[in-house]
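Visitor: For reference, the structure I am asking about is given below.
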Amino acid sequence: MRFLIDAQLPRRMAGWLAAVNCDALHTLDLPPRNRTPDDDITTAADRESRALITKDADFVDSHLLRGRPEKLLLISTGNISNDELHVLMVPLIPSILREFQSCHFIELSRSGLILRG
């Protein structure tokens, strides 16, 4: 599976996903880097068939209203250290991959995965 990780999330998340044979880019890998506008991030994710991973609720609105990005993983943990996020997310990556086979919107909260649609 392919992912695009938004600016407010750690770049090392791409490594967590690569460890299970996923193709992951961070907005730092895009030419405008972390200054890439939201619409360009959405376009890149959809054009390259990538699920967007973000904390930004604006992408939720876009997904629900316009179906863009096509696949969305919302991180809704609030303030959390990168190490805590790693401990929470990495064991759930197989479930995330499985759920994205039929689901287009998944939320990762401190209590686990929530399938949104």
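The values are calculated or read from the model by the stated rules, or taken from the named source; none is laboratory data. The model shown is predicted, which means the values in this text are computed figures rather than measured ones. Cβ atoms come from the backbone with ideal geometry, glycine included; neighbour counts cover every protein chain shown.
Visitor: Do any residues in segment 2-13 that are under 21 Å from ARG98 (Cα atoms) have Cβ atoms under 6 Å from those of residues that are β-branched (Val, Ile, Thr), where the two are at least six apart or on different chains, and which pairs are they?
Guide: Between residues of segment 2-13 that are under 21 Å from ARG98 (Cα atoms) and residues that are β-branched (Val, Ile, Thr), the close pairs are PHE3/ILE53; ILE5/ILE53; MET13/ILE5.
Visitor: Conditions first: (1) outside any strand (DSSP E or B); (2) modelled with pLDDT of 95 or more. ILE53 passes all but one, so which condition is the exception?
Guide: Of (1) outside any strand (DSSP E or B); (2) modelled with pLDDT of 95 or more, only one is false for ILE53: (1).
Visitor: Please specify each residue of segment 58-117 satisfying the condition of being in contact with a Pro (Cβ under 8 Å, 6 or more places away or on another chain) and polar (S, T, N, Q).
Guide: Selection gives SER62, ASN82.
Visitor: Here's a follow-up. In segment 16-44, which residues are closer than 20 Å to HIS104 by Cβ and not β-branched (Val, Ile, Thr)?
Guide: LEU17, CYS22, ASP23, ALA24, LEU25, ASP38, ASP39, ALA44
Visitor: Got a number for residues in segment 52-89 being within 24 Å of ASN21 (Cα to Cα), within 13 Å of the chain's Cα centre (by Cα) and of a type in the set (Val, Ile, Thr)?
Guide: 3
Visitor: Can you pull out every residue in segment 16-42 that is within 18 Å of ARG68 (Cα to Cα), out of contact with any Lys or Arg (no Cβ under 8 Å at 6 or more places or on another chain) and either exposed (fewer than 12 other Cβ atoms within 10 Å of the Cβ) or not acidic (Asp, Glu) (or both)?
Guide: Residues satisfying the conditions are THR36, PRO37, ASP39, ILE41.
Visitor: Tell me the residue from MET13, MET1 that is crowded, with 16+ Cβ neighbours inside 10 Å and over 23 Å from ARG110 (Cα atoms), please.
Guide: After applying the criteria, what remains is MET1.
Visitor: If you don't mind, another one. For segment 1-50, name all the residues that are more than 18 Å from LEU92 (Cβ to Cβ), in a helix (DSSP H, G or I) and not aliphatic (A, V, I, L, M).
Guide: Once the filter is applied, which keeps residues that are more than 18 Å from LEU92 (Cβ to Cβ), in a helix (DSSP H, G or I) and not aliphatic (A, V, I, L, M), segment 1-50 yields THR27, ASP29, ARG33, ASN34, ARG35, ASP38, ASP39, ASP40, THR42, THR43, ASP46, ARG47.
Visitor: Identify all residues within segment 56-75 that are assigned to a loop (DSSP other than H, G, I, E, B) and loosely packed, with under 15 Cβ neighbours inside 10 Å; write none if there are none. Steps first, answer last, please.
Guide: We begin by selecting, within segment 56-75, every residue assigned to a loop (DSSP other than H, G, I, E, B); these are 56, 67-71.
Within segment 56-75, GLY67 is the sole residue that qualifies.
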